[in-house]
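The values are calculated or read from the model by the stated rules, or taken from the named source; none is laboratory data. Just so it is clear, the model here is predicted, and its values are computed rather than measured. Virtual Cβ from ideal backbone geometry, glycine too; neighbours counted across all protein chains shown. Ligands, DNA and RNA are excluded from the accessible area calculation, which covers all protein heavy atoms including side chains. Shrake-Rupley method; radii C 1.70, N 1.55, O 1.52, S 1.80 Å.
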Amino acid sequence: MLVNRAPQVRYFVRRTLGAAWIVLRRAAWAERPLHGARGESCAMEVAEDSQAESDLTCRSNGSDPRQKASLVEAALDSLPNSLSLPGIKNEETVINEGKAEIIFPSANEVFYNPVQEFNRDLTCAVITEFARQQLMPKGIQVQVPGQEERRKIVVSLAESENAEAAAGSGEAPTVKRTASVGEKCEGGLRVLEGLAASGLRSIRFAKEVPGIHSIVANDFSPRAVELMKRNIELNGVGHLVTASLADASMLLYQSKRRWDRFDVIDLDPYGSPSQFIDAAVQAVSEGGLLCVTCTDMAVMAGNSGETCYSKYGAMSLKSKFCHEMALRIILHNLDLRANCYQRYIVPILSVSVDFYIRVFVQVFTGQARVKASASKQALVYNCVGCGSFHIQRMGKMVSHGNNFKYTASSGPPVGAECEHCRQRHLLGGPIWAAPIHDQDFVRRVLESVERNPQRFKTSDRILGMLSMVKEELPDCPLYHTMDQLSSVIHCNTPSLLQMRSALLHAGYRVSLSHACKKAIKTDAPPSVIWDIMRCWAKVHPVKREKLSESSPAFRILGKEPVLQACFDIREDANPKSRKQGLKRFQENPEANWGPKARAKAGGGIHQPLVDKSKRLQNKRKQKLNDPDYGKTVPCKKFREGNCTHGEECRYSHREENESTGRTDQRDTASLCDKASVASYDANTELPNNP
């Protein structure tokens, strides 16, 4: 028997060795950098190896062409790499964003949302300016590709003046060395991305942000870390980026010692970041940058106020200013957690974009400054009738020369009923009531993007967003919306220019808000705003006979305005960003655009959003119209035919198979047995055994 099987053994050994040799050769290809020329060289190597495969097949398999073809197909099927692009599997795709090129699986094993490219572009711009701010005192000058030539021209035009100014002041730091993109900078920033997924953000930091010393790309998913390592090797940034497999909270807690802290920590989780905030405020260095994204806007915008309190320690309100309130809630939570460790935050940029919010804060240590945190928090009283809101600070800081006295604030600022519509108030917060932007830092980021608009794909939107942020009133929390003011008194809506002009004529400040297209931020009290709307209602009359006497519109319009508003358009009523036509609020770029499905550990393709929306269409209405909704236990008397309660019965009157939506397993088994018996009776002869 062994002698007869000797040729088969030799054939099996030759086939195994041949396939192993091909796998090793393909693995060597995958290790080569993919940024060079891929065309002719890859095609020649593929042709040579295909010829080598055919030679091995001929030597091992004789002259039978069918066996040759089957052996080559078996060898190719066992290979993990594709012929067209070495290192990329057939079920994977290559995604290009910025200067990064990442491998992404077709199955939903690792999370990626292309809509948040603006988020990543803005983060690269902010960290670049932060690196310039932090490294300049150390004598390290940051260089960004595309900005060197213009900077040299500007310096050459005013070279003599700058030299005299630098000599006279003596404050300009001496530039010892230059930090370029893609190079490891000794003494540079140490960056941690706590939830890196595919590693795209970390790779973009390494290839687009100068002044980086090291980057740790961490994720809790082994599949994500495996993909991260391949992407790091693919982009050639292994000298800067290190993949880490760990729980983000534990990694942050292990890095809270001063010599282990990170200069930049980026948290962009799927949903709420609340579970990572306590560890993050401890693991960031003194004056370090903490970047946090929240995508659970349904919770933070007032749909679930109790859930918002459990996660962020504040009650959210379902109101027109919910997006800015969400920003101030997360800032309140960051400062609250930092205060536990004698630390405090300084927001430098906070934006509400699309379906998420993004905040950038610096974290400092100081017991005296922590005492002032109570005066930066506030409660919000929001009227349920007219929508007027009042801010109640939780603490008060009084200056006594060089010292400060901290006391509790007095209040409340409202009575039992709203003074305008006699409705009750809802209490929300606490929220962050101090400025949410550093105007000087925003100006520097804006100038950096203006000098090099080709750096980011979303540069036009960054310019529009930051221009609006720079124009916002920093000391006026929350905002009003034009449609809400008009809907309360049931009148036509004045234009933004008319409303802004009326407030400016009245002697108050006013600005737009980046968080809402039809919003106005002003230091005018609600009484002035309603006086302006009363004057507008006189020019555009409202049918008061159709208003209920208890409605907010009837009570507001029933008073004569104290202030006589002027709606003549002023030149300064139109902001600069609006005159220039900057892209401030873009339209949805594609259908079903927004948050994506959460990544699964084992992958799998999710149901398309179109099919899901059709399946859930009118779901709540169908439940409310169903008399048996909520009744899960079937009624025994109804099955026996003697139930006298009718629709008031607490049990379900549906048939058992209809109420459960499926047939019981025992019924299924009995049906299968009956079907098999029927098929057996229909056959005259027994089937042959295979």
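Here Asp531 fits the description: without any contact (Cβ under 8 Å) to a residue 40 or more places away in the chain and of a type in the set (Asp, Glu). With respect to Arg223, is the statement that it is modelled with pLDDT under 95 and touching a strand residue (DSSP E or B) at 6+ places or on another chain (Cβ under 9 Å) true? Yes. Restricting attention to the range 274-302, the residues that are part of a helix (DSSP H, G or I), open to solvent by 10 Å² or more (accessible area, probe 1.4 Å) and farther than 16 Å from Leu336 by Cβ total 3.
Yes/no per residue for (1) out of contact with any strand residue (DSSP E or B) (no Cβ under 7 Å at 6 or more places or on another chain); (2) farther than 30 Å from Ser550 by Cβ; (3) acidic (Asp, Glu):
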{"position": "Asp440", "(1), (2), (3)": "yes, yes, yes"}
{"position": "Val449", "(1), (2), (3)": "yes, yes, no"}
{"position": "Lys457", "(1), (2), (3)": "yes, yes, no"}
{"position": "Met468", "(1), (2), (3)": "no, yes, no"}
{"position": "Glu471", "(1), (2), (3)": "no, yes, yes"}
{"position": "Cys476", "(1), (2), (3)": "no, yes, no"}
{"position": "Met499", "(1), (2), (3)": "no, no, no"}
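If you take the residues of the range 175-218 that are among the small types (Gly, Ala, Ser) and assigned to a helix (DSSP H, G or I), which of them is farthest from the chain's Cα centre (by Cα)? Walk me through how you get there before you give the answer.
Residues of the range 175-218 that are among the small types (Gly, Ala, Ser), as a first pass: 179-180, 182, 187-188, 194, 196-199, 202, 206, 211, 214, 217.
The next check asks that each one be assigned to a helix (DSSP H, G or I); those that pass are 202, 206.
Values: Ser202: 15, Ala206: 20 Å.
It comes out as Ala206.
Against the test of being under 17 Å from Leu473 (Cβ atoms) and out of contact with any helix residue (DSSP H, G or I) (no Cβ under 8 Å at 6 or more places or on another chain), the options Arg555, Arg578 yield a single qualifying residue, Arg578.
In the condition set (1) closer than 22 Å to Thr128 by Cβ; (2) in a loop (DSSP other than H, G, I, E, B), Gly271 is compliant with all but (1).
When the residues of the range 219-238 are filtered to those that are out of contact with any Gly (no Cβ under 9 Å at 6 or more places or on another chain) and outside any helix (DSSP H, G or I), the one that is surrounded by the most Cβ atoms within 10 Å (Cβ to Cβ) is Ser221.
Condition check ((1) open to solvent by 40 Å² or more (accessible area, probe 1.4 Å); (2) in a loop (DSSP other than H, G, I, E, B); (3) in contact (Cβ under 8 Å) with a residue 40 or more places away in the chain; (4) closer than 17 Å to Ala280 by Cα) across all residues:
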{"position": "Asn333", "(1), (2), (3), (4)": "no, no, yes, yes"}
{"position": "Ala338", "(1), (2), (3), (4)": "no, no, yes, yes"}
{"position": "Val346", "(1), (2), (3), (4)": "yes, no, yes, yes"}
{"position": "Leu349", "(1), (2), (3), (4)": "no, no, yes, no"}
{"position": "Ser373", "(1), (2), (3), (4)": "no, no, no, no"}
{"position": "Val380", "(1), (2), (3), (4)": "no, no, yes, no"}
{"position": "His390", "(1), (2), (3), (4)": "no, no, yes, no"}
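Just to be sure, is Leu512 open to solvent by less than 20 Å² (accessible area, probe 1.4 Å) and modelled with pLDDT of 95 or more?
Values: open to solvent by less than 20 Å² (accessible area, probe 1.4 Å): yes; modelled with pLDDT of 95 or more: no.
Answer is no for this residue.
Could you check how many residues of the range 303-331 are within 25 Å of Leu289 (Cα to Cα), aromatic (Phe, Trp, Tyr) and open to solvent by 10 Å² or more (accessible area, probe 1.4 Å)? Walk me through it before giving the result.
To start, the set of residues in the range 303-331 that are within 25 Å of Leu289 (Cα to Cα) comprises 308, 311-314, 323-331.
Next cut, aromatic (Phe, Trp, Tyr) only: 312.
From what's left, open to solvent by 10 Å² or more (accessible area, probe 1.4 Å): none.
The qualifying residues number 0.
Report the residue count in the range 533-576 for those that are among the charged types (D, E, K, R), open to solvent by 70 Å² or more (accessible area, probe 1.4 Å) and in a helix (DSSP H, G or I).
Within the range 533-576, the first condition is being among the charged types (D, E, K, R), and the residues that meet it are 534, 538, 543-546, 549, 555, 559-560, 568, 570-572, 576.
Filter once more, keeping what is open to solvent by 70 Å² or more (accessible area, probe 1.4 Å): 538, 543-546, 549, 559-560, 568, 570-572, 576.
Still in the running and in a helix (DSSP H, G or I): 538, 544-546, 571-572, 576.
Number of matching residues: 7.
For the range 240-263, state whether one or more residues are in a strand (DSSP E or B) and in contact with a Gly (Cβ under 6 Å, 6 or more places away or on another chain). Scanning the range 240-263 turns up at least one residue that is in a strand (DSSP E or B) and in contact with a Gly (Cβ under 6 Å, 6 or more places away or on another chain). The set of residues from the range 353-364 being open to solvent by 10 Å² or more (accessible area, probe 1.4 Å), within 25 Å of Thr128 (Cβ to Cβ) and either modelled with pLDDT under 95 or in a loop (DSSP other than H, G, I, E, B) (or both) comprises just one member, Asp354.
Limited to the range 429-480, what total is found for residues that are aromatic (Phe, Trp, Tyr), within 22 Å of Val144 (Cβ to Cβ) and not in a loop (DSSP other than H, G, I, E, B)? It would help to see each step written out before you state the result.
Of the range 429-480, the ones aromatic (Phe, Trp, Tyr) are 432, 441, 456, 479.
From what's left, within 22 Å of Val144 (Cβ to Cβ): 441, 456.
Checking the rest, the ones that are also not in a loop (DSSP other than H, G, I, E, B) come to 441.
Qualifying residue count, the range 429-480: 1.
Among what's in the range 401-432 and is touching a Leu at 6+ places or on another chain (Cβ under 9 Å) and more than 30 Å from Arg132 (Cβ to Cβ), pick the residue that is surrounded by the most Cβ atoms within 10 Å (Cβ to Cβ). Outline the logic, then answer.
As a first pass, look at the range 401-432 and keep what is touching a Leu at 6+ places or on another chain (Cβ under 9 Å): 411-412, 426-432.
The next check asks that each one be more than 30 Å from Arg132 (Cβ to Cβ); those that pass are 411-412, 426-431.
Details: Gly411: 13, Pro412: 13, Leu426: 17, Leu427: 13, Gly428: 25, Gly429: 24, Pro430: 24, Ile431: 29.
Applying the filter and picking the extreme gives Ile431.
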